[in-house]
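For reference, the structure discussed in these notes is given below.
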Amino acid sequence: MIINAEKIIFASNNMENMQGKHILVGVTGGIAAYKTAYLIRSLVKQGAEVRVVMTEMAKQFITPLTLATLSKNPIAVDFFDPENGQWNSHVSLGIWSDCYVIAPATANSIAKMANGVADNLLLTTYLSAKCPVVVAPAMDLDMYRHEATQKNLQLLRDRGVTIVEAEDGELASGLVGKGRMAEPETIAEAIGDIFKKSPRMEGKTVMVTAGPTYEKMDPVRFIGNYSSGKMGYAICEELAARGAKVILVSGPVKVKARHKNIRVIPVESAHEMYEACVANFPLADAAIMTAAVADYTPATKADQKIKRVGDMTLELKPTEDIAAAMGTMKTAKQLLVGFALETNDEEANAAKKLQKKNLDFIVLNSLNDKGAGFGVDTNKITIFESNGRHTAYELKSKVDVAADIVDKLEEYL
Ligand code: CTP
């Protein structure tokens, strides 16, 4: 396997979160320990201060010298240094850490962590650490799926440990299945998420609509639009990283939701999206309507493929206005955010939609701004609030725009 260390880069807003953070990396004895070298290198590059604690067995898989060089700090293995008698305090290591990530974590170490065994420095540090803990398991597929391992992982999860699931692939044994340690960039993202967690978002549920809708004409054709869903999905990732539960009602898109806190409800037509939103909005504290919903749908849908017979007129009927329906359903405790994609009279149209759909704020993007709109990875927005305030933002990546929108939502929560 080839790991491109340069690929292990956070989205820019994750990078800020990593600056100056104290990250303790625990390494146990598994072949995946070589990937931990890339993880450490990446964390140092993001500006974190990294220290490493290893088990005796881990030294068989990667040398302390390699990890000391990459982390720029001496490695702790024993409770004391046999050479000079210097004491390695698990308590002070635990206090020092803003995050403790154990990667790779063997079945043996996971079992010990679940049961409070404290027979090495890595484990005593786990028991005394007060910071968030991230565990990246790595083992053979049968060990990974064994009920004992799964129960131990669940025990850790229940205690608030973040488990970065093992991945499918070829294993050191030659077998193929689930057990490979997650890639360094996935583990790094899980650490970044921890620093993004926001008390205002944790425990909140946000419904998001994203993507286009497809309005069927016959079994093989539809009316659609060019929406890629990228903006809506970036908002979902941002909300989930900050600790919210996300219900994503998504039209047909190529992008995928990655975060485990995002539950995707796939829909195709505006009517399906409407039904999913009506059913799920009562469960949410807020809804962000980013979908490019078709305003019209064919009045009748042919059961069989429509034949070519010269000129043709297609009769359309309006779809439900989903955002407006949510505006009517909205309770005093709920928030509703809309989007407006305009080509002309941008501000006036956005203000009209804000009022008509009973939104708390509306995010305007104009197709006249270069780099804004469908398909591209950037966006330029202005937020209009129902209290009359408005804020214009610079052209940014959709990931950074998502952070601005979620920041604004947090002001209201
Ligand atoms: N929206 C919706 N359901 C619709 C149409 C729009 O939920 N049938 C939502 C969009 O997700 C967006 C907001 O309403 O948050 C504004 O969408 P937009 O297409 O800009 O406005 P429309 O109300 O469709 O008005 P028009 O197309 O005439 O500009």
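The values are calculated or read from the model by the stated rules, or taken from the named source; none is laboratory data. No experiment lies behind these values; they were computed from the predicted model shown. We place every Cβ from the backbone using ideal geometry, glycine too, and count neighbours over all the protein chains shown. For the accessible areas, the whole protein counts, side chains as well, though only heavy atoms, and no ligand, DNA or RNA atoms are used. Shrake-Rupley method; radii C 1.70, N 1.55, O 1.52, S 1.80 Å.
Numbers below:
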quantity	calculated
Filter result (touching a helix residue (DSSP H, G or I) at 6+ places or on another chain (Cβ under 6 Å) and open to solvent by 10 Å² or more (accessible area, probe 1.4 Å)) within segment 22-34	H22, G29
Those residues of segment 148-181 which are more than 23 Å from the chain's Cα centre (by Cα), farther than 13 Å from I110 by Cα and surrounded by fewer than 20 Cβ atoms within 10 Å (Cβ to Cβ), in sequence order	E170, A172, S173, G174, L175, V176, G177
Strands (runs of 3 or more DSSP E) completely within segment 360-413 that count 3 or more residues being open to solvent by less than 30 Å² (accessible area, probe 1.4 Å) and touching a helix residue (DSSP H, G or I) at 6+ places or on another chain (Cβ under 7 Å)	361-366
Subset of segment 126-175 [out of contact with any Phe, Trp or Tyr (no Cβ under 8 Å at 6 or more places or on another chain) and aromatic (F, W, Y)]	Y144
Which numbered condition P184 fails, given (1) surrounded by fewer than 22 Cβ atoms within 10 Å (Cβ to Cβ); (2) touching a helix residue (DSSP H, G or I) at 6+ places or on another chain (Cβ under 9 Å); (3) of a type outside the set (S, T, Y); (4) modelled with pLDDT of 95 or more	(1)
Conditions (1) in contact (Cβ under 8 Å) with a residue 24 or more places away in the chain; (2) in contact with a Ser or Thr (Cβ under 7 Å, 6 or more places away or on another chain); number of the one not met by D369	(2)
All positions within segment 324-362 that are more than 30 Å from the chain's Cα centre (by Cα) and within 8 Å of the ligand (Cβ to nearest atom)	N349, K356
Listing of strands (runs of 3 or more DSSP E) fully contained in segment 252-317 that carry 2 or more residues being away from the ligand (no atom under 12 Å from the Cβ)	262-266
Lone qualifier among A302, A294, A324, A276 - being over 23 Å from R200 (Cβ atoms), of a type in the set (A, V, I, L, M, F, W, C) and in contact with a Lys or Arg (Cβ under 8 Å, 6 or more places away or on another chain)	A324
Cross-chain or 6+ apart pairs with Cβ under 7 Å, segment 272-299 first and buried (at least 23 other Cβ atoms within 10 Å of the Cβ), then of a type in the set (F, W, Y)	A287/F281; M289/F339; T290/F339
